[in-house]
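Nothing in this text is a laboratory measurement; each read-out follows from the coordinates by a stated rule. Nothing here was measured: the structure is a model prediction, and the numbers come from that model. Heads up, the Cβs are rebuilt from the backbone with ideal geometry, glycines too, and the neighbour counts pull from every protein chain shown.
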Amino acid sequence: MDIAARPAAGGTILDITGDIDLAHSPAVRKALLQEIKEKKTPKVYLNLEKVRYIDSSGIASLVEGLKASRDLGSRLVLYGLSKSVREVMELSRLQKIFEIHDDEAQATAS
Amino acid sequence: MRGRVSKSRTTRRESKQPNDEMLLKLELRSNPEALCLVRATVERAAEVLHFPEGDARAIVRSVDEALANVMRHAYGGRQGLPIEMRCRRWSGESIEGKQSGIEIVLQDHGIAVDPAKMKGRPLNEIRPGGLGLHFIRQSMDVVEFSRKNGKNQLRMVKYLTPTPRPAGSEGE
């Protein structure tokens, strides 16, 4: 699992590589909350193009990030969801709660 | 058996025919780093049994979530404790007729699971946690929790291809 941050339109992109499971969701949670709560980044884009798998603990980390961004009036934007990740979002009925885009161009233009 | 919780499509009759062969028996430790290895192994097992891609993902997701539950709840996050996973080709009958598929049984020595508390959270609540069991129930055809000889056991079955019911049959 690797998490890298880079600047993007009005915010920061977090590029995630690897599976977001019980072993690695704490790292995703930490990176998200650091951007949202500590750095007060107005737009945090989560690039999930290289995430093959996400479990319920990963979804919980994203929900925490979403709640923090709502509390602070910032935005959390997800893009590049694989079929597997999209399926889990649908099972959680969260696909309409999160702001989700197909790719980086669409996400950063939003 | 005490504290058994089953899904509505639980099987009534199961046969142990020559096809009911053991595919895998894994003894792993309660280390989250092991989950990726189990996922890869279970994915291959589902492929060997010719499950469609979506069903294979559902099986992998269920095993992963079940193991994560054992590690987090039954073992309270303690690492290095034993978990056994058995996986076999399965055949039997369900309310939908003759079925074949995959059966996965997990056993751990953790604290007793209270089936009454194994409900997961309502999906309309947007809050972290409580989704793992929901994923399992959504993904598998049979989900049974039990406690035997000081061990928690979770048995899950996924049907390979539902056999159409004969005309006029009302089922069980």
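Things worth noting here:
- Neighbour-count order for B:Asp108, B:Asp114, B:Asp141, fewest beta carbons within 10 angstrom listed first: B:Asp114, B:Asp141, B:Asp108
- Distance from the alpha carbon centroid of the stretch A:43-105 to that of the stretch B:20-67 works out to 25 angstrom.
- Mean projected area of the Cα convex hull of chain A, taken over all directions, amounts to 5.7 nm².
- Label point distance in nm, B:Leu24-B:Arg137, each placed 7 Å from Cα along Cα→Cβ: 2.5 nm
- Pairs of Lys residues in chain A are counted when their Cα atoms are under 17 angstrom apart and they lie 8 or more places apart or on different chains; the count is 11.
- Extended-chain gain in nm, criterion 0.36 nm per residue less alpha-carbon gap, A:Leu72 and A:Ala109: 11.2 nm
- In the stretch A:6-110, the DSSP beta bridges split such that about 15 percent are antiparallel, to the nearest 5.
- In a simple Cβ point-charge model (Lys, Arg +1; Asp, Glu -1; nothing else charged), chain A has a dipole of about 380 debye relative to its Cα centre.
- Cα gyration tensor shape of the stretch A:28-91, rounded if a/c is under 1.5, else prolate or oblate by comparing a/b with b/c: prolate
- Residues with amide H under 5 Å from that of B:Leu81, placed H, sequence gap 5 or more: B:Ser30
- A:Ser56, A:Ser92 arranged by Cβ crowding within 10 Å, fewest neighbours leading: A:Ser92, A:Ser56
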